[in-house]
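What follows is one structure encoded as structure tokens, with my remarks underneath.
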Amino acid sequence: MSKNKNIEFKLSSWSISNKSTVAVITFIVVLGGLLSYTSMPRENFPEIIVPQIYVATPYPGNSALDVEKLITKRLEKEINAISGVDKITSTSIQGYSSINVEFNFDISPSEALQKVKDKVDVAMADKDFPKDLPTEPSITEMNFSEQMPIMNINLSGDFSMDQLKDYAEYLEDEIEELTEISGVDIRGVQEKELEVAIDLYKMQASKISFNDIENAIAFENRSISSGDILENGTRRNVRVVGEYKDPLSVKNIVVKYENGQIVYLRDIADVQFKEQEKQSYAREYSQPVVMLDVKKRSGQNLLNASTKIDEIIEKAKSTVFPDNLVISKTNDQSNDTRTMVADLENSIILGVILVIAVLYFFLGFRNALFVGIAIPLSMFLSFTILGFLGVTLNTMVLFSLVIALGMLVDNGIVVVENVYRLMDEGVPRIEAAKQGVGEVAWPIIASTATTLAAFFPLVLWDGIIGKFMQWLPITLIIVLSSSLFVALIINPMLISIYMKVVRKENKVTFIHKLEALYEKFLGFALKGRKPYGIVIGTFVLLFVAAGLMYIFPPKVLFFPNTEAKQVFVFLEYPIGTDIEETNRLSKRIENDIENHLKQYEKNGENFLVTSVIGQVGEGTSDPSEGQSGGNTPNKARITIDFVAFTFTKFILLK
């Protein structure tokens, strides 16, 4: 016994000797963990920012062949010279060029963006590059979390489209002011434009050119600053306002005045103020709606964004919007995230209770509490570190916490049981705590290190899947390291204060029966030449299992099959298809889907789906194919949103 008295782990001995300091550290860990947990952004999945750059160049009025020849190929040639480029994908359509540049993951997105910008500038400086572009090429990073809307807000009712558009623009302005929101797109309604349909024969008879008409409209419809004047000791700005308030007043513009003859625009043209050519349609259950696609900013809290949007809608209903305006939310991702977070939180709490119950069965109530306290303290410390790293609370992080739940107590069990053994042998509590931790400190450090080493290679996983999965090993490494800190710093301090030895009567319990059975089995297994047979049999079983795996390979799935929450139907027709034709075909498919879903209606309410949303034109591209720019009149998307699987009613269809 005297030989082991000097075996101490200095860090643990320091914590036992400085109880007040460790108590303050414990309080900081708990407070920091609670604050970090409440402030961590919640979302479905980890945000993946990949080194992928999107170059969009509008060139209206040009065919797809000319766009490819004059813009796409010239940009591709320069971008292809960048080191680290993995793949270049380009699309040239009428009036629009898009290039998607994928880099290796050893290049940061910001570095990739700067490289592409430099090469685009080089291409634009070429004398053969078109100089009549309406705008310079748009160069942006790809961010998957900002491509798909987090919800759709649908406006409908007995109102004109202009009124619905005004209501939608009010919500758009209010929602875009939120820091959590990156943008709001309005679908299903078009901007208005002033159409000037010129009579060619009247124009020629009046000896007027197109430039004359263009200049007359441009010069009349503008305000001009005329400097300032000094009046009564104050300088006042003089501004001549000439912008039209009524668009149809444009037809009264004087286009030509010659020899006392005045030619008004109305004399040679028909002027109309009407909607632009349709670029998008939006429907809910085949009924036209004005839809707002709400997109979340990267790194922001999805649940906070949803709550604030609900508040904006409720405020607008009570103060701005009429009572008969119908507002509905569909495809709301926050519902799934809220349910997922709540379910996993419940799993963690239930896991803590079960772990402590099991420990109580083997170690007794007091010792079980010493070990069980490692779970919340390790979690709080982990949340503090994860919050400092800017990690969001998502499926991968919460799943990792559930996995680590049972491993958190391993180090604590070893420490508590060893100290308890020494106290049971008569060693004083303080000395037993120092000596007990010292005897097992390096073994549990080595044990934790080997576990961390098994997860470390997953952190180096490349590709998009690696970026998606890396938070599982990172979270496990942080949580297990936190549990080691708690076992070596906080637990020894608590043990040195509160641990007591409970003298038990010599009763034969279930644990004693298990120990006796195990001792009997070991005596049988280690007798004679049986150990050789067990070792050889183990290797034979290993090879047999490997052979069976080879002969009957298990099915491999990228992700397990789960109940779908949403179904997306992406429709794509040949390039050049008019949006009206795409809309007609999309309507037919929507009707087929709705007719099929009628079998799940009961008392006029569908218990299987919550909404069927149809969109045609803008914003309907499949995000898995990368970012898409320009008009997409040949594309449509149908979204079927199912009710939560927990609340789905099942009926027998006969």
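Below is a table of values for the structure above.
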| item | result |
| --- | --- |
| Above-threshold pairs, the threshold being 27 Å between Cα atoms, out of K296/K317; K69/K207; K308/K598 | K69/K207; K308/K598 |
| Inter-probe distance in nm under a simple model that places probes 7 Å from Cα toward Cβ, at S318 and L248 | 4.1 |
| Between region 442-473 and region 83-97, the Cα center-to-center distance that results, in Å | 36 |
| Under 13 Å from K500, Cα to Cα: aspartates and glutamates that are on another chain or at least 8 residues apart | E417, D424, E425 |
| For region 353-432, the spread of Cα positions along each principal axis, largest first, Å | 49, 25, 14 |
| Heavy atoms of F362 accessible to a 1.4 Å probe, total area in Å² rounded to 10 | 120 |
| Cut-off 16 Å (backbone N to label point 7 Å along Cα→Cβ of S110), residues of region 356-395 | 390 |
| Simple spin-label estimate for N603 and E136 in nanometres, 7 Å along Cα-Cβ | 6.3 |
| Of the DSSP H helices in the chain, those whose Cα atoms cover at least 24 Å axially and whose Kyte score averages 0.0 or more | 19-39, 333-363, 429-459, 530-551 |
| CD proxy at 222 nm, helix term only [per DSSP H run n ≥ 4: -39500 (n - 2.57); per residue of the chain; nearest 500] | -15000 deg cm²/dmol |
| Along the chain, longest interval not containing exposed GluC sites (Glu not before Pro), exposed being DSSP loop plus at most 15 other Cβ atoms within 10 Å | 1-176 |
| Positive-end residue of N221, T91, I150, charge dipole of region 83-225 with Cβ unit charges | T91 |
| Distance between region 158-225 and region 297-358 - C-alpha centres, whole angstrom | 37 |
| Those lysines that a straight Cα-Cα span of less than 17 Å connects to K10, excepting residues fewer than 8 apart in one chain | K19, K434 |
| Other-chain or far-sequence residues with amide H under 5 Å of E193's (modelled H) | K274, E275, Q276 |
| Contour minus Cα-Cα distance for K73 and F388 (0.36 nm per residue) | 108.9 nm |
| Pairwise label distance in nanometres, V535 with S447, each label 7 Å out on the Cα-Cβ vector | 2.5 |
| Using a Förster distance of 25 Å, the FRET efficiency for M407-K520 (Cβ separation, nearest 0.05) | 0.25 |
| Full-stretch length increase - I224, S17 - with 0.36 nm per residue and alpha-carbon distance subtracted | 66.4 nm |
| Cα-Cα over 18 Å, subset of K192/K278; K77/K635; K165/K278; K87/K115; K77/K127 | K77/K635 |
| Candidate residues T140, T339, T632: accessible-area rank, largest first, probe 1.4 Å | T339, T140, T632 |
| Sequence-distant lysines (8 or more away, or on other chains) whose Cα lies within less than 30 Å of K530 | K513, K520 |
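The values are calculated or read from the model by the stated rules, or taken from the named source; none is laboratory data. The model shown is predicted, which means the values in this text are computed figures rather than measured ones. Ideal geometry is used to build each Cβ from the backbone, glycine not excepted, and the neighbour counts take in all protein chains shown. With ligands, DNA and RNA removed, areas are computed over all heavy atoms of the protein, side chains included. Shrake-Rupley method; radii C 1.70, N 1.55, O 1.52, S 1.80 Å.
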